[in-house]
Amino acid sequence: MQDTILIAGAGQAAAQAIISLRHGGYGGRIILAGEEPYLPYQRPPLSKKFLAGGIEAERLQLRPEHFYRDNGIELRLGSRVEAIDPAGHTARIDGDKLRYDKLVLATGSQVRRIPVPGQDLPHVHYLRTIDDVRGIQQDFLPGRRMVVIGGGYIGLEVAAVAATAGLEVTVVEIAERLMVRTVAATISSFYLEAHRAAGVDIRLQTGITAIRRNGDGLLLDCTTGEQLAADVVVAGVGILPAVGLAQEAGLECRNGIVVDEFCRTSDPDIYAAGDCSFHPNALLERRLRLESVHNATEQGRTAALHILGQAAPYAQIPWFWSDQYDLKLQMTGIAEDYTTMVMRGDPSRRAFALFYFRDGQLIAVHAVNSPREFMLSKKLIADGAQLDAAAVADSSVPFKDLAEAALGR
């Protein structure tokens, strides 16, 4: 009987697992089951260029249809893996029982819904899929009033696209500043001013308690006692790892599906990769769950190569990005427990970077319109480089020279 690898989920991790399996010489059966009716596609552009109408859905595809056909991949799109039986090595897909030898859970994540009355009313949207964006675009008319709930990456990217398209945009954020979980106050303040300059009304320390119909529109009740009128609402309040399938199968889950450095779950024949995995990282010396394309891609590759007996442990420095207006925010490393932070560049020139150090070692960088600093910093952080913070802050000293000296080049 031919060996079978089943991949549950059809995102970045799933696509990379398929690519790595075939490139690595796997000649067995590969089945890809995804709940959406689309080939695996990139999600980051959904809240950016795709929402703005700048690219077609076909350009989001990670590989064209003929790639899967040419490589003998069995596609079960629009299908959900309903249950798995680890002991029997079987899975149920749309009522069909399939046997697998190895299973890769690339189930990703699901949107966190706002727990208030009216969150499911017409013209209240969430953004996670192509179809979600198409629903938002139907309400995307100049002059309409949009309220965005959540001042994180997704909410602010949507706000930027909407404001540019001529909508009247209000962002409500329960925290005291924007992107509070991921960036320093300096960057929060910079983006606050950038959005306000674009005409976006930002309401900090403001939550929503209810959404109600109001004639042809909507009315949002705020924790401040105010009410906001809207024609369309988009909620971007985070995501949750899609662990239901793993939990029901008895796999260990804790802030995601628990895996080892090879992406193996508590069952040695089941792997998990991407947003759904809670994994160890030797470089960061901790376990964590990451929501990023880079992580999903590399974990998909690691899982595939381990199945082939070729894998090295997964341990990479994470990186992320966000596009808002003409501002590209690029981040690498994890800015936690730092002892020193310095700025290089000038926010008034719309190009600067924050460098985070722990006892002289560079551990994270957040760069705005500063791609050179970002790219070099990825290497520096991975190398555990020591730099002089004062020299980094001095823009008269070429950063490339500092980086090459720290890397011993």
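The values are calculated or read from the model by the stated rules, or taken from the named source; none is laboratory data. Model, not experiment: these values are computed from the prediction. Heads up, the Cβs are rebuilt from the backbone with ideal geometry, glycines too, and the neighbour counts pull from every protein chain shown.
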The residue from Glu82, Glu58 that alone is touching a helix residue (DSSP H, G or I) at 6+ places or on another chain (Cβ under 9 Å), outside any loop (DSSP other than H, G, I, E, B) and among the acidic types (Asp, Glu) is Glu82
Among Ser322, Ser277, the single one that is among the polar types (S, T, N, Q), in contact with a Gly (Cβ under 6 Å, 6 or more places away or on another chain) and crowded, with 18+ Cβ neighbours inside 10 Å is Ser277
Taking first residues from the range 261-284 that are over 20 Å from Val81 (Cα atoms) and second residues anywhere that are assigned to a loop (DSSP other than H, G, I, E, B) and hydroxyl-bearing (Ser, Thr, Tyr), the pairs with Cβ under 8 Å that are 6 or more apart or on different chains are Glu261/Tyr314; Phe262/Tyr314; His279/Tyr314; Asn281/Tyr314
Notebook entry, point to check: Could we say that Leu362 is touching a Ser or Thr at 6+ places or on another chain (Cβ under 9 Å), among the aliphatic types (A, V, I, L, M) and more than 29 Å from Leu46 (Cβ to Cβ) here?
Noted result: yes
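Does Gly108 satisfy being loosely packed, with under 13 Cβ neighbours inside 10 Å, in contact with a helix residue (DSSP H, G or I) (Cβ under 8 Å, 6 or more places away or on another chain) and not charged (D, E, K, R)?
When the stated conditions are applied, Gly108 does not pass them.
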Taking the range 85-98 and keeping only residues that are assigned to a loop (DSSP other than H, G, I, E, B) and either over 31 Å from the mean Cα position of the chain (by Cα) or at pLDDT below 95 (or both), one is left with Ala87, Gly88, Asp94, Gly95
Scanning the range 223-259 for residues that are assigned to a loop (DSSP other than H, G, I, E, B), more than 21 Å from the chain's Cα centre (by Cα) and not assigned by TED's automatic domain parsing to the domain that holds Val147 gives Ala249, Gly250, Leu251, Glu252
Residues of the range 59-68 being exposed (fewer than 15 other Cβ atoms within 10 Å of the Cβ) and either at pLDDT below 95 or in contact with a Leu (Cβ under 9 Å, 6 or more places away or on another chain) (or both), in sequence order, are Pro64, Glu65
Residue set Glu157, Glu168, Glu193; condition surrounded by 22 or more Cβ atoms within 10 Å (Cβ to Cβ) and either polar (S, T, N, Q) or modelled with pLDDT of 95 or more (or both); output residue Glu157
